[in-house]
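Please treat every number below as a calculation from the coordinates, not as lab data. Here the structure is a predicted model, which is why all the values come from computation and not from measurement. No Cβ is skipped: glycine too gets one built from the backbone with ideal geometry, and neighbour counts run over all protein chains shown.
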Amino acid sequence: MVFSTHIFLFVFLPTVLTIYYLAPMRWRALVLTFFSYLFYSWTNPWWTILMVTSTVIDYTAGRVIAKGGGEVKVSGDEPVLEPGGYRSRRQKIALTVSIVANLGMLGFFKYAGFLAINANAMASFLGLSDSLVPVLEVALPVGISFYTFQSMSYTIDVYRGKAPGMRNMSAFACYVALFPQLVAGPIVRYNSIADQLEVRSHTLEKFTRGVALFSLGMGKKILLANPMGHIADASFAAGPMHAADAWYGIVAYALQIYFDFSAYSDMAIGLALMFGFVFPKNFNSPYLADSITTFWQRWHISLSTWLRDYLYIPLGGNRCSAGRTYVNLMVVMLLGGLWHGASWNFIIWGGIHGGMLAFERMQGKDSPYRRLPRPLRVLITFLIVCIAWVFFRADTLPEAMAYLSSMFALSNPADGSALLIGVTGTPYHLFMLVLGLVIVWTFPQVWDYTRRLTPFRAAVCAVVFAVSVFVMWTQTANPFLYFQF
């Protein structure tokens, strides 16, 4: 089910809110869990089996870790393992089972086919059969990349002594399945909302801010992301084209993926607030970043911090030698790219960002680049991000290379390529692209804008929502881009 659909807006959401607030407090977690499973099973009911499996395994592992011995301290009414203290063999096995089970499910459904295809390609190169490994056609369950990472954070946090083990199974199931962020994030870490799962406040201020966030997120998706998607789709399907058209297309895609993904995060955070949950900000004007390092402090913050805390720091982070730190950065970003999809394009995209992160750390704070005017640094960073987005958007590596060739005028435009601008360069699309650039470079973040709702701001949110719903009736389909990851 998609947030920006009539059945969600006018049937599902009002039903959930009504039943949730009519239910006694002790039943509200069960209400949310039930409707979250209904939300997730809308596309394919069988996928819920995977989520239930992950939930049961991680809940059980958390209980074993919490009760499995080791040094403990007291946090409220719950014992918590002492950070850095002794861990028993049972606790280590429980953590291992949790990680292997979650990564195993993610690996099978997301990467089995990719690995088989590449194994067969290698076998063919070596003169063996090109069908040595059977290639399984497995449908990718929606949201599996998000809820496996989220669920794993629970057992890891309990093991590290950063959170108590949860006794209430229904509350933990609610945490894993919570429908606002289930399908496309943000990745909500267990230790950030552990207390809210047991006790949370429901206030008019929270609810109205949630409605405002959802309304403005709706506007970003329907009014900005979708028109930019029209330009990007036409550009990437056009074949060799003039350099100006290629740059126009990739800038449109940069705006599309930002408005689309940040819109989902805004809507998810807004929905969570309606049910009393407070989630952290997931975007912070990423296209105002003046370096790739700063970009990753502003883009998809829940993923970048997850990779930092659960992968980069355990690898040694920046506490190692300079060379090892560069390797750690590359490994994390390569795996971050692979997390987005089983494709060499995503690996290359991660490699570009990892290479830039390592290069910037190598240059240090006194590099000549840091002495450039900030607006120029922001523009350079944006252009690097756009070049990397080519690999993210293209379906295959040859298509990505062909598009880059067009961007840098290294290929001859195809016959009829001049007609592309007639499809993508309408006054409406040109206006929306310019408006999108103005918004990403000058407007405040929706998360910040809604922190203090004046009557004027509330009116803005209401108008944006009304126009978005009206425009939504005219659009045939508007899936969120991150559903595919």
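By the rule of a C-alpha distance below 17 Å, with chain neighbours fewer than 8 residues away ignored, the lysines paired with Lys206 are Lys281.
The Arg319 and Glu198 beta-carbon pair, evaluated with R₀ = 35 Å, returns a calculated FRET efficiency of approximately 0.50.
Rounded to the nearest 0.05, the FRET efficiency derived from the C-beta distance between Ala237 and Ser88 at R0 = 60 Å is 0.55. Taking the Cα centre of region 6-200 as reference, the dipole from Cβ charges on Lys and Arg (+1) and Asp and Glu (-1) amounts to some 480 debye. Rounded to the nearest 500, the helix-only mean residue ellipticity at 222 nm of the chain stands at -20500 deg cm²/dmol, with each DSSP H run of n ≥ 4 adding -39,500 (n - 2.57). The residues Trp447, Trp441, Trp473, Trp46, when put in order of fewest to most other Cβ atoms within 10 Å, stand as Trp473, Trp46, Trp441, Trp447. Taking the number of Cβ atoms within 10 Å of each Cβ as an exposure proxy, the fewest-first ranking of His340, His242 is His242, His340. As a proxy for reagent exposure, ranking His6, His230 by other Cβ atoms within 10 Å from fewest up yields His6, His230. Once the Cα-Cα distance is subtracted from the 0.36 nm per residue extended length, the Asp395 to Leu453 segment shows a gain of 16.7 nm. Using +1 at the C-beta of Lys and Arg and -1 at the C-beta of Asp and Glu, which of Ile292, Thr474, Gly337 has the Cα lying farthest in the positive direction of the dipole of region 206-484? The residue sitting farthest along the positive end of the dipole is Ile292. Each peptide in 270-281, 454-465 was scored by the mean count of other Cβ atoms within 10 Å over its residues; highest first, the order is 270-281, 454-465.
Each of the peptides 21-33, 186-198, 144-156 was scored by the mean count of other Cβ atoms within 10 Å over its residues; in descending order, highest first, they stand as 144-156, 186-198, 21-33.
Relative contact order of region 6-200, taken over Cα pairs closer than 8 Å and 6 or more residues apart, is 28 percent. The loop-placed chymotrypsin sites (Phe, Trp or Tyr not before Pro) in region 341-428, going by DSSP, that have at most 16 neighbouring Cβ atoms within 10 Å of their Cβ come out as Phe408.
The tail of the calculated P(r) for region 196-339 beyond 25 Å holds 47 percent of all Cα-Cα pairs. Of all lysines in the structure, the ones whose alpha carbon falls short of 27 Å from that of Lys92, not counting any fewer than 8 places away in one chain, are Lys67, Lys73, Lys110, Lys162.
Efficiency by 1/(1 + (r/R0)^6): what FRET value for Tyr428 and Phe470, r their Cβ-Cβ distance, R0 = 22 Å, to the nearest 0.05?
0.90
The relative contact order of the chain comes to 18 percent, based on Cα pairs under 8 Å that sit 6 or more residues apart. Each Cα pair under 8 Å and six or more residues apart adds its separation to the average, and for region 206-484 the resulting relative contact order is 33 percent. The magnitude of the dipole of the chain, with charges of +1 and -1 set on the Cβ of Lys/Arg and Asp/Glu and taken from the Cα centre, is near 1560 debye. Kirkwood hydrodynamic radius of the chain, from the reciprocal of the average inverse Cα-Cα distance over all distinct pairs: 24.2 Å. The tail of the calculated P(r) for region 269-316, taken as Cα-Cα distances beyond 17 Å, holds 48 percent of the pairs. In a fully extended conformation the segment linking Asn168 and Asn44 would gain 41.9 nm over its present Cα-Cα distance, using 0.36 nm per residue. Of the complete DSSP H runs in the chain, those spanning 18 angstrom or more by Cα along the long axis with a mean Kyte-Doolittle score not below -1.0 are 28-41, 47-67, 89-125, 144-160, 204-219, 243-274, 322-340, 344-363, 374-393, 427-442, 455-472. Size of region 206-484 from its Cα atoms: along the principal axes, largest to smallest, the extents are 53, 53, 38 Å. Taking 14 Å as the cut-off, the amide N atoms of region 282-317 that come nearer than this to a point 7 Å along the Cα-to-beta-carbon line of Val327 belong to 315-317.
For region 6-200, list log₁₀ I(q)/I(0) at each q in 0.11, 0.12 Å⁻¹, using the Debye formula over Cα point scatterers of equal strength and ignoring solvent, two decimals each. Once normalised to I(0) and log-transformed, intensities are -0.60, -0.68. Each label point was placed 7 Å from the Cα along the Cα-to-Cβ direction; for Ala244 and Phe443 their separation is 2.7 nm.
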